[in-house]
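None of the figures in this text is laboratory data; all of them are computed from the coordinates on show. Everything quoted here is computed from the prediction, not taken from an experiment. Cβ coordinates were reconstructed from backbone atoms using ideal geometry, including for glycine residues, and neighbour counts include every protein chain displayed.
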């Protein structure tokens with residue numbers, strides 16, 4: 001019998017009796033005990049490898065689902081903060097809401113990075129600070145620019 005066929009028979013025997021001994025396996029397959037044990041070990045390791053891969057796939061799927069849920073929550077928070085910015089009278093409240101937006105987006109970025117969804121490279125993906133300052137000035141108003149610039 002060739003090795004592939006013997007391993008197939010061992011898989012079947014292990015399905016019927018996962019605790020089958022090497023001696024018994026050798027008798028059933030009509031091969032010596034040491035060869036049966038060697039092939040049994042190979043079959044078990046191959047099966048374990050396949051199961052580990054499947055478990056990793058499941059973990060990744062559930063991690064991605066959690067990230068999607070978290071991203072939806074952060075998007076909702078950002079919408080609410082922009083509503084606060086557009087309706088609040090106090091510049092302090094507006095700045096606080098802007099900080100909450102930046103913090104939420106940074107948190108989501110960090111979660112995605114930690115999950116291995118993309119690779120962060122030094123020097124890439126930096127914030128466009130002048131554009132952010134422009135947006136803040138437009139939303140907060142020109143009256144307290146010096147106060148805002150000092151708080152940033």
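Numerical summary
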{"quantity": "Contact order relative to length of the range 3-151, as percent, for alpha carbon pairs under 8 angstrom and 6 or more apart", "calculated": "16"}
{"quantity": "Distance between modelled label sites at residue 5 and residue 50, nm, 7 Å Cα→Cβ extension", "calculated": "2.0"}
{"quantity": "Protection-proxy order for peptides 23-34, 41-52, each taking the mean of Cβ atoms within 10 Å per residue, highest first", "calculated": "23-34, 41-52"}
{"quantity": "Nitroxide proxy distance, nm - points 7 Å out along Cα→Cβ at residue 90 and residue 103", "calculated": "1.5"}
